[in-house]
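The numbers here are math on the coordinates, done by the rules we state, and not lab data. Everything numeric here is computed off the predicted structure, so don't read it as measured data. Backbone-built Cβ (ideal geometry, glycine too); neighbour counts: all protein chains shown.
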Amino acid sequence: MTAEVRRAAGARGGAADPPRLVALIPAAGGGSRFGSALPKQYADLGGRPLLLRTMERLAAALELDATAVALAPDDVFYDSVVGPRDGVDALRCGGASRAESVANALAALGSRCGDDDWVLVHDAARPCVPVDALRRLVFELADDAVGGLLAVPVADTLKREDRETPARILRTEDRSGLWCAQTPQMFRYGVLRAAFARPGALAATDEAQAVEALAATGACSRPWLVTGSALNIKVTYPGDLALAAAILAAQENAA
């Protein structure tokens, strides 16, 4: 976050001190689909842990006031694989789901965040998010009262299955107006706390869904969609590491 963007963020209320920008990285999952002895977030990506690669990307692109990593309470890998980092708080508050981990981390940050501060929630498994996409998200949302997320319009044809095995096509879905959600998802701290306090919020699969439900009550406006990047892949399976490494190498060469 550049000084220019910080001035824009503070201009909305005319305050001398602009809202703080806090990164929150949920990293409490066991990575069952990844099929590794180590949780996915600690997998080796070009000689560095995946989680650390992601933390370094955010820190390089944005002027963060703080970074919080939501770990499982019984995590035994973080201290040895990642270790202490300046400006990073390891919160052992992770829950059974991503939503629960985020809600718990928001509660833990309560004494350090004001309602108007920004919380930028980013997947630990998205180390390739382009710097320009990160800065675009922060800049375009700077004056908003709620926030939004990076996303890309759906480009592929969508098929609905008939839920049989093997599956047959039931119909082709209209893809117009559909977007694939990515992270980061950046919202005002007060909005996120209110969204995750609502009944059923812990069933949300991302922060935007929880905020959408809050917006449906009239408590806030709907989240914004900010154009992301196809390079912002999420490492889900072991084979994705090679693709992520190639993207990182290309980005480093182009820098």
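Apply the Karplus curve 6.51 cos²θ - 1.76 cosθ + 1.60, θ = phi - 60°, to the phi angles in segment 47-60 and return the couplings in whole Hz, x for Gly and Pro.
Karplus values, whole Hz, x for Gly and Pro: x, 9, x, 3, 4, 5, 4, 5, 4, 5, 5, 4, 5, 6.
Would you kindly calculate the mean projected area, averaged across all directions, of the convex hull enclosing the Cα atoms of the chain, in square nanometres?
So the Cα hull casts an average projection of 15.4 nm².
Taking the Cα centre of segment 47-128 as origin, sum charge times position over the Cβ atoms of Lys and Arg (+1) and Asp and Glu (-1), and report the length of that vector in debye to the nearest 20.
Numbers: 8 positive and 13 negative charges, 75 e Å.
In total the dipole reaches around 360 debye.
Would you please classify the overall shape of segment 123-255 from the alpha carbon gyration tensor, given that a ≥ b ≥ c denote the square roots of the eigenvalues, rounded means a/c under 1.5, and beyond that prolate means a/b larger than b/c while oblate covers the rest?
Oblate, because a/c is 1.5 or more while a/b does not exceed b/c.
Amide H of residue 95: which non-local residues (sequence gap of 5 or more, or other chain) have their own amide H closer than 5 Å, using H built in the peptide plane?
101
Say we join alpha carbon atoms closer than 10 Å with springs in a Gaussian network model of the chain; which of 169, 233, 25 then has the biggest fluctuation?
With Cα springs under 10 Å in the chain, the top fluctuation among 169, 233, 25 is at 169.
Expected output is a single nm value to one decimal: the length gained when fully extending between residue 80 and residue 115, i.e. 0.36 nm times separation in residues minus the C-alpha distance. What is it?
Between residue 80 and residue 115, full extension yields 9.2 nm more.
Using modelled amide H (1.01 Å from N, peptide plane; none on Pro or chain starts), what sits under 5 Å from the amide H of residue 224, excluding residues fewer than 5 places away?
When sequence neighbours closer than 5 places are left aside, the close amide H contacts are 147, 148, 149.
What is segment 138-255's relative contact order, in percent, from Cα pairs under 8 angstrom and six or more apart in sequence?
Details: 134 pairs, mean separation 33.9, N = 118.
Result for segment 138-255 is 29 percent.
Among the DSSP beta bridges whose two residues both lie in the chain, what percent are antiparallel, rounded to the nearest 5?
Antiparallel bridges: around 45 percent, rounded to the nearest 5.
Among 47, 94, 177, determine the one that fluctuates most according to a GNM of the chain built with springs between C-alpha atoms less than 10 Å apart.
177
Of the candidates 17, 115, 206, which one comes out as most mobile in a Gaussian network treatment of the chain with C-alpha springs shorter than 10 Å?
Result for the chain, Cα springs under 10 Å: 17 fluctuates most.
Restricting the count to DSSP beta bridges whose residues both fall in segment 137-234, what percent are antiparallel, rounded to a multiple of 5?
Just about 70 percent of them are antiparallel.
Report the relative contact order of the chain, percent, no decimals, based on alpha-carbon pairs under 8 angstrom and at least 6 residues apart. Each step should come with its number before you reach the end.
Numbers: 457 pairs, mean separation 57.0, N = 255.
Over the chain, the number comes to 22 percent.
Considering only segment 14-119, what is the antiparallel percent among its DSSP beta bridges, to the nearest 5?
15 percent
Distance between Cα centroids, segment 226-255 to segment 95-134: provide it in whole Å.
Result: 21 Å between the Cα centres.
Full-extension gain between residue 92 and residue 209, please, as 0.36 nm times their residue separation minus the C-alpha to C-alpha distance.
Between residue 92 and residue 209, full extension yields 39.7 nm more.
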